[in-house]
Amino acid sequence: MSDHLIRVLVVDDSAFNRRTISEIVDNSGLGKVVGVARDGEEGIKKAFDSKPDLITLDLEMPRMDGFTFLRIIMKSLPTPVLVISSRSENKNVFKALELGAIDFLAKPSNHLRSPETLQMELASKLKVVRELKFRNVQRRISALTAPTSRMAAGAVREEGKPKADVVVIGASTGGPSAIQSVLGSLPQKLDAAVLISQHMPQGFTRAFSERLDKNSNLRVKEAEDGDPIEIGTVLVAPGGMNLLARKKGDRAVAAVVEKSEEDKYVPSVNAMFGSAAETFAERCLAVVLTGMGNDGSDGAKIIKEAGGSIIAESEKTSIVFGMPREVINTKMVDEILNLEDIPAAIMSRCRSR
């Protein structure tokens, strides 16, 4: 997308939310509102009239809800959609992402959120639209709705590399569906632990973990401080916090800690990667998936220096190529792979029991 103002359609049944979102978009210097709608039916008409670059969407609306709207738009007028969600709808957010929404934002009416925070977050989402590879969003929807093919449990480990005891996965925009795709293709008897840092606000990661657990062979849970990092278990960093690996005697445990002042993105992929390198050294495999920004590039260098390995998602399948590109630019990456080839690469480094 060129540097012109991003044309935004706001679909929300709350007049307060329509006004707040419209003001933020129009004052951002990045976008302009080309229409507002009070429900999904009106939203569909306005979308066909204005052909926006981005739609902000409330999920709970009268007459036509956000899910029906998403299904119709993705089929008849594929357009990037940003879900504006209340905390009570957090389970629904991940259903919306599977239907093709590119990302989500907590509602302005949430009393815990300052207007400044909302402005900053919405501006960052508008920047994402410029780097978005929307055809990959459409590809991902097809992959997630196709019958799941579980990968055979007999992948052969690459010769000459130590077995990985932990797989650390970092992602941002487009990450929830990419992570689901990877975990859904790994076997129950994966001979490694998995740690995940997905950029996500507080309050949404438990529902995300539960959805991954339901759609995966592995046990997935939101990480709690002191959780053992053990074979066959996936720990997801809680939103707004950092997930670190720590040594405790002869075993490894999770530490859930507040973000530091240096962390631009949270949960921090750099912080998780650095701690995994310290705890697991050459027995660490890092995977960098789709996302905006450069989180993970500094941590990848630390993992490589410790003797570990790094996989980056290719531009061909990334929804936003920012994070993988920055990691690839460090010249530390072992493999650049399409999303569908990453599970086999993980298995070849971890073996299956």
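The values are calculated or read from the model by the stated rules, or taken from the named source; none is laboratory data. Computed from a predicted model, the values in this text were never measured in an experiment. FYI the Cβ positions are ideal-geometry reconstructions off the backbone, even for glycines, and counts take in every protein chain you see. Surface areas here come from the heavy atoms of the whole protein model, side chains and all, with no ligands, DNA or RNA. Shrake-Rupley method; radii C 1.70, N 1.55, O 1.52, S 1.80 Å.
Rundown of residues vs (1) within 16 Å of the chain's Cα centre (by Cα); (2) not β-branched (Val, Ile, Thr), yes/no style:
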{"position": "185", "(1), (2)": "no, yes"}
{"position": "195", "(1), (2)": "yes, yes"}
{"position": "206", "(1), (2)": "yes, yes"}
{"position": "214", "(1), (2)": "no, yes"}
{"position": "217", "(1), (2)": "no, yes"}
{"position": "231", "(1), (2)": "no, no"}
{"position": "238", "(1), (2)": "yes, yes"}
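At pLDDT 95 or above, outside any loop (DSSP other than H, G, I, E, B) and crowded, with 20+ Cβ neighbours inside 10 Å: is that true of residue 302 in this structure?
Taking the combined requirement at face value, the residue does not satisfy it.
Out of everything in the range 181-190 that is in a helix (DSSP H, G or I) and in contact (Cβ under 8 Å) with a residue 60 or more places away in the chain, what residue ends up being least open to solvent (accessible area, probe 1.4 Å)?
182
If residue 330 meets every condition in (1) surrounded by 18 or more Cβ atoms within 10 Å (Cβ to Cβ); (2) among the β-branched types (Val, Ile, Thr); (3) under 17 Å from residue 272 (Cβ atoms) apart from one, which number is that one?
The one condition residue 330 does not meet is (1).
In the set 49, 53, which member is open to solvent by 20 Å² or more (accessible area, probe 1.4 Å), of a type in the set (Asp, Glu) and without any contact (Cβ under 8 Å) to a residue 24 or more places away in the chain?
Of 49, 53, the one residue that is open to solvent by 20 Å² or more (accessible area, probe 1.4 Å), of a type in the set (Asp, Glu) and without any contact (Cβ under 8 Å) to a residue 24 or more places away in the chain is 49.
Step by step: first the residues of the range 14-46, then only those that are without any contact (Cβ under 8 Å) to a residue 12 or more places away in the chain and basic (Lys, Arg), then the one that is surrounded by the fewest Cβ atoms within 10 Å (Cβ to Cβ). Which residue is that?
If we take residues in the range 14-46 being without any contact (Cβ under 8 Å) to a residue 12 or more places away in the chain and basic (Lys, Arg), then 45 is surrounded by the fewest Cβ atoms within 10 Å (Cβ to Cβ).
Please determine, by comparing only the residues of the range 151-171 that are modelled with pLDDT of 95 or more and not aliphatic (A, V, I, L, M), which one is nearest to residue 191 (Cα to Cα).
By that ranking, first place goes to 165.
Given (1) under 20 Å from the mean Cα position of the chain (by Cα); (2) at pLDDT 95 or above; (3) in a loop (DSSP other than H, G, I, E, B); (4) surrounded by fewer than 24 Cβ atoms within 10 Å (Cβ to Cβ), identify the lone condition not met by residue 225.
Every condition holds for residue 225 apart from (1).
Cβ-Cβ below 7 Å, separation at least six or inter-chain, first residue in the range 246-270 and farther than 22 Å from residue 287 by Cα and open to solvent by 30 Å² or more (accessible area, probe 1.4 Å), second part of a strand (DSSP E or B) and at pLDDT 95 or above: which pairs?
251/228; 258/241
Considering each residue of the range 68-78, count those that are surrounded by fewer than 17 Cβ atoms within 10 Å (Cβ to Cβ) and either of a type in the set (S, T, N, Q) or within 23 Å of residue 20 (Cβ to Cβ) (or both), and give that number.
Looking only at that region, the number is 2.
Here are the criteria: (1) surrounded by 24 or more Cβ atoms within 10 Å (Cβ to Cβ); (2) under 22 Å from residue 134 (Cα atoms). Tell me which single one residue 284 does not satisfy.
(2)
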